[in-house]
1. Sort 265, 134, 307 by Cβ crowding within 10 Å, fewest neighbours at the top.
2. Using the alpha-carbon atoms, what tilt in degrees (0 to 90, nearest 10) does helix 278-303 show relative to the longest principal axis of the chain?
3. Contour minus end-to-end for residue 154 and residue 96, with contour as 0.36 nm per residue of separation and end-to-end as the Cα-Cα distance?
4. Below 8 Å between Cα atoms, with a sequence gap of 6+, how large is the relative contact order for the chain in percent?
5. For helix 97-112, report the angle its Cα long axis makes with the longest principal axis of the Cα atoms of the chain; keep it between 0 and 90° and round to the nearest 10°.
6. Multiplying the sequence separation of residue 236 and residue 44 by 0.36 nm and subtracting their Cα-Cα distance, what value in nm do you get?
7. Using the Karplus curve 6.51 cos²θ - 1.76 cosθ + 1.60 with θ = phi - 60°, work out ³J(HN,Hα) for each residue of segment 130-140 in order, rounded to whole Hz, and write x for Gly and Pro.
8. Once label points are set 7 Å from the Cα along Cα→Cβ at both residue 110 and residue 209, what is their separation, rounded to one decimal in nm?
Amino acid sequence: MQKIEASIDYHSIGRSYQRKRGKYKEYLWAYLFISAPILGFLLFAFIPLSFSVYVSFTQYSGYQTPVFQGADNYSRLLTKDPLFWKTLFNTFYSALGIPIGMVIALGIAMSLNQKIRGIQFFRTVFFLPTISSVVALTLLWKWMFNSEYGMLNYLLDLIGIHGPAWLSSERWAMPAMIIQGVWGGLGFHMVLYLAALQGVPKSLYESAEMDGANGWQRFLRITIPCISPTTLFILITSIIGAMQDFPRFQIMTEGGPNYSTTTIVYYLFQNAFRYMEMGYASAMAWVLGILIMMITLLNFWMSKRWVHYE
């Protein structure tokens, strides 16, 4: 009996060992598969972010050893650099195109949400700018805004209006950038709104029509609430994109004239790679990041009043 019990215990231990070994193999393969994204996050996100936090408290040119100087960069940024506040104002000024673009995109989406012949062609045409090169489109608009031979001023001349010097005028440079930005975002926003409109239950419109609601009432009471989650998504992503907008301004105006189109990210770029003040640029980046986070949280908090998920 003792031998049999010993034999049973031995086999039980063996099976337990095999199960544990199998689990360890599963864990090993699991860690192996997630190692790539984890290493990517550590190398390209966590470590650079941590280093930038440290650098923001130092005087650092990118070539020499960082010299710790406390919160001097933040103090200089917030109290001694009027150009920072000007570029921050320019950034919010350029963001005025967001609600304009959302309204136009919704109007286009509603027009393209009709069952008419050839509608797929028009959907493709409106979406083409989204998949095109930003540099190519920006160069195209730079030519269109040219005050001497640009297409926009040529069309204005045809109706007796003398077009302004769009990109070389402090008054008109930012409105020109807003026009180009609205046009560039229409395709993506239109597709999102079109998908949201197609998800609105037809029964709601039928019930409202039977109750005597006109088209405008159906739009306000049914369409707008049903697509409000999409509106929130477009609003938040557009604000984040506007706060980080850089290549258009670099190519079209280079921040001019007289810093009238210098956004905060372009100013950050100048400090980091033209003036070689990496510490100051890092402080600016973290102030911008905190500002974006605050605006995003504010949008989520306010969305409780107007976004409907049912």
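1. Exposure proxy ranking, most exposed first: 134, 307, 265.
2. The answer is roughly 90 degrees.
3. Net length gain for the segment: 18.2 nm.
4. Taking the mean separation of contacting Cα pairs over the length of the chain, I get 26 percent.
5. 90
6. 66.7 nm
7. So the J values, rounded to whole Hz, are 5, 9, 8, 5, 5, 5, 4, 5, 5, 5, 4.
8. Result: 1.6 nm between the two label points.
All of the numbers you see were taken from the coordinates with simple rules; none came from a lab. Quick caveat, the model's predicted, so the values are computed rather than measured. With ideal geometry, Cβ positions are generated from the backbone for all residues, glycine too; neighbour counts draw on all protein chains shown.
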